[in-house]
Amino acid sequence: ADKYGVPRICFINKINQTGGDFYKSLDTIHARLSKRAFPIHLPIGFEQSINGVIDLVNMKAYTYKDFTDHELVEGEIPEDMMEKVKKYRSLLVENAVAEDEAMLEKYFEVGEAGLDVNDVNQAIRTAVLTGKFYTVTGGDGRGVIVEKVLDAVNEFLPSPIDRGSTWGTHPKTGDEVERQPDEAQPFSGLAFKISTDPFVGKLAYFRVYSGKLQAGSYILNSSTGEKERVGRIVRMQADKREDVTEVSAGDIAAIVGLKGTTTGNTLCDTNNPIVLESITFPEPPVSIAIEPKTKADQEKMSIAMQRLAEEDPTFQVHVDAETGQTIIKGMGELHLEIIVDRMKREFSVEANVGQPQVAYRESVRKTGVEVQGKFVRQSGGRGQYGDVWLRISQNEQGAGFEFINSIKGGTVPGEYIKPVQQGIEEAMSNGVIAGYPVVDLKAELYDG
C-alpha cells in the first residue's frame with residue numbers, strides 16, 4: 001500500500017467474541033503500525049454484550065438486537081459513554097483538520113463545536129487520502145455492522161477520479177500509455193480474481209480502469225495476445241449475480257466464460273492495446289504432502305487442484321521428482337486446510353495430508369583420500385582392463401561436483417578421461433550410506 005500510495009482504513013473484527021477488546025487492539029495498532037490511527041466508531045458494550053456503535057462524526061448511536069439483523073437502529077448516545085465519546089471525537093477532529101490548511105484555519109476560528117458533519121467528513125477524507133491518516137472501526141464482520149464500514153469506505157476512501165490516470169505499456173513498442181478514468185477513453189481493465197461458479201462456470205472478476213465494456217463485444221487479453229468474446233457480464237452482490245449489458249470506468253464486475261484469462265491479465269480494446277501492471281504474489285512458504293484416499297479420487301484430485309490453482313495464485317502444486325509425493329504449497333497452515341476442505345466440499349475429493357518426505361543428500365567429510373578404481377572385464381579375446389587412482393575431497397558447500405584432471409605423461413590415455421568422470425558422476429547418484437545422491441564432492445584423477 002505504501003508503494004502505490006493506497007489510503008487505508010482499519011476494521012477490528014470479532015470484538016464481540018470472548019477476548020475481543022477494541023481499545024486494546026487500538027493500542028496495538030498504535031504500538032506496531034501507526035500512531036496516526038483514530039476511531040470513527042466506538043463499540044457499545046463489551047465482548048458478547050456489544051450491540052452497536054457510536055458514530056463520532058454525526059454523534060449518533062447505531063444499535064441492533066442481533067448481529068444478523070438487516071438494519072441498524074439510530075438513537076442517542078448512552079449517558080455513561082458521553083465522556084469517552086467526547087474525548088475520542090476531539091482527538092479525531094483535531095488530528096484530521098491538521099491535514100487540511102483551510103479546515104485548520106476554520107477550526108481555530110470556530111472550534112470543534114463550530115464544525116458541522118460535512119466539515120468533519122471533509123477533513124477526515126482529506127486526511128485519509130494523504131495515506132498517513134487511518135480511521136478505525138470494529139465489529140462482527142459477518143453482521144449488519146458492515147453497513148457502517150461500507151459508509152466509511154464511501155465517505156473516506158478515494159474514488160477512481162481521485163486516483164487519476166492509470167499508466168501501462170504498449171505490448172509491441174513498450175511505450176508508456178495513459179488511461180484516464182473516463183467513459184470516453186478506450187476500454188482497459190485488470191482481471192484480479194478467477195473463480196469457478198457451480199452454476200455459470202468460470203468467472204473472471206475485473207476492474208474497469210477506463211472506457212466501457214458491453215456484453216457480446218470482443219476484447220484483447222494483451223497479457224497473452226489472445227482475443228476473447230465477452231458473452232455475459234455479471235455484477236456480483238455476495239452470492240447473488242445480476243446480469244448487466246454494460247460496465248464503465250470505475251466499475252467492478254465479472255465476465256462469464258473467458259478461457260485464456262488468469263489473475264493479473266490485462267483486458268483492453270482490440271484497437272487500443274495496453275498492458276497494465278500485473279499483480280505480483282509472494283512465494284508460498286508452507287508445504288504439505290497430499291494423496292487421494294482412494295484410487296477413484298486420484299483423477300478427481302488432479303482436476304480439483306488444477307481448478308483451485310487457477311483461482312488462487314498463492315496456491316501451488318507440484319510432484320517431487322525424488323520422493324514421488326504430490327506437494328501443495330500455500331501462505332499458511334490455515335490456507336492449506338481451507339484448500340483441502342474445499343476439495344472435499346466442492347469436488348467430493350477425500351485426501352490424506354502429511355509432512356513432505358525429506359530428500360536427503362550424502363557427502364564426504366575428509367580431504368585428500370586416495371582410492372583406487374579398477375575395471376576388469378573378460379569376455380573372450382584380449383578383454384578390457386582399467387586402473388585409475390583418485391584423490392577424493394569434500395568440496396565447498398553448495399559448490400557441487402568438481403572433476404580435476406592431473407594426469408601427466410599419458411599414464412591414462414586422453415580418450416578415457418571423460419569416461420572416468422562420467423563413471424564418478426554415475427556412482428554419485430547412489431551414496432554408500434543410505435543410497436541418497438552424493439553432493440559437494442571434488443575428485444582429482446592423478447594416476448592410473
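The figures follow:
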item	result
Region 10-54, subset surrounded by 14 or more Cβ atoms within 10 Å (Cβ to Cβ), among the small types (G, A, S) and in contact with a helix residue (DSSP H, G or I) (Cβ under 9 Å, 6 or more places away or on another chain), residue modelled with the highest pLDDT	A37
Odd one out for A434, checked against (1) within 26 Å of I327 (Cα to Cα); (2) surrounded by 14 or more Cβ atoms within 10 Å (Cβ to Cβ)	(2)
Every residue from region 265-277 that is part of a loop (DSSP other than H, G, I, E, B) and within 27 Å of the chain's Cα centre (by Cα)	N265, P273, I274, E277
Residue check for G131: under 19 Å from I29 (Cα atoms), out of contact with any Cys (no Cβ under 8 Å at 6 or more places or on another chain) and not hydrophobic (A, V, I, L, M, F, W, C)	yes
Any hit, region 408-416, residues being outside any helix (DSSP H, G or I), within 17 Å of R365 (Cα to Cα), aliphatic (A, V, I, L, M) and at pLDDT below 85	no
Residue count, region 340-381 (criterion: within 30 Å of A399 (Cα to Cα) and in a loop (DSSP other than H, G, I, E, B))	13
Candidates S429, S393, S363, filtered to the one that is modelled with pLDDT of 85 or more, farther than 30 Å from G332 by Cα and of a type in the set (S, T, N, Q)	S393
Members of region 216-232 found to be in a strand (DSSP E or B) and not hydroxyl-bearing (S, T, Y), listed by number	I219, L220, N221, E226, K227, E228, R229, R232
Contacts under 8 angstrom Cβ, first residue in region 176-197 being closer than 13 Å to S165 by Cβ, partner in a strand (DSSP E or B) and of a type in the set (F, W, Y), 6 or more apart	E176/W167; V177/W167; E178/W167; R179/W167; R179/Y209; P181/Y209; S188/Y209
Residue among E101, E74, E83, E147 that is of a type in the set (D, E, K, R) and in contact (Cβ under 8 Å) with a residue 24 or more places away in the chain	E147
Inter-residue pairs, beta-carbon under 8 Å, first under 19 Å from T262 (Cα atoms) and in region 224-239, second among the aromatic types (F, W, Y) and surrounded by fewer than 16 Cβ atoms within 10 Å (Cβ to Cβ), 6+ apart	K227/Y218; E228/Y218; R229/Y218; V230/Y218
Those residues of region 182-207 which are out of contact with any Cys (no Cβ under 9 Å at 6 or more places or on another chain) and closer than 13 Å to G264 by Cα, in sequence order	L190, A191, F192, K193, I194, A204, Y205, F206, R207
Candidates T263, T314, T245, T224 - the one that is among the hydroxyl-bearing types (S, T, Y), at pLDDT 85 or above and over 30 Å from G174 (Cα atoms)	T245
Residue list for region 185-199, filter: surrounded by 12 or more Cβ atoms within 10 Å (Cβ to Cβ) and under 25 Å from the mean Cα position of the chain (by Cα)	S188, G189, L190, A191, F192, K193, I194, S195, T196, D197
Matching entry among I433, I339, I392 (being hydrophobic (A, V, I, L, M, F, W, C) and more than 30 Å from E291 (Cα to Cα))	I392
Listing of strands (runs of 3 or more DSSP E) fully contained in region 278-339 that carry 3 or more residues being closer than 30 Å to G435 by Cβ and free of Cβ contacts under 8 Å to residues at least 60 places away in the same chain	316-319, 326-330
Index of the failed condition, G409 passing every other in (1) touching a strand residue (DSSP E or B) at 6+ places or on another chain (Cβ under 6 Å); (2) without any contact (Cβ under 8 Å) to a residue 12 or more places away in the chain	(1)
Residue check for Q422: part of a helix (DSSP H, G or I) and polar (S, T, N, Q)	yes
Qualifying residues in region 55-65 (those that are touching a residue at least 40 places away in the same chain (Cβ under 8 Å) and assigned to a loop (DSSP other than H, G, I, E, B)) - the one surrounded by the fewest Cβ atoms within 10 Å (Cβ to Cβ)	N58
Residues (over 27 Å from the mean Cα position of the chain (by Cα), in a helix (DSSP H, G or I) and not polar (S, T, N, Q)) located in region 23-54	Y23, K24, D27, E47
Wholly enclosed strands (runs of 3 or more DSSP E) of region 72-184 bearing at least 2 residues surrounded by 12 or more Cβ atoms within 10 Å (Cβ to Cβ) and among the polar types (S, T, N, Q)	134-139, 166-169
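The values are calculated or read from the model by the stated rules, or taken from the named source; none is laboratory data. Predicted model, so just to flag it, every value in this text is computed and none were measured. FYI the Cβ positions are ideal-geometry reconstructions off the backbone, even for glycines, and counts take in every protein chain you see.
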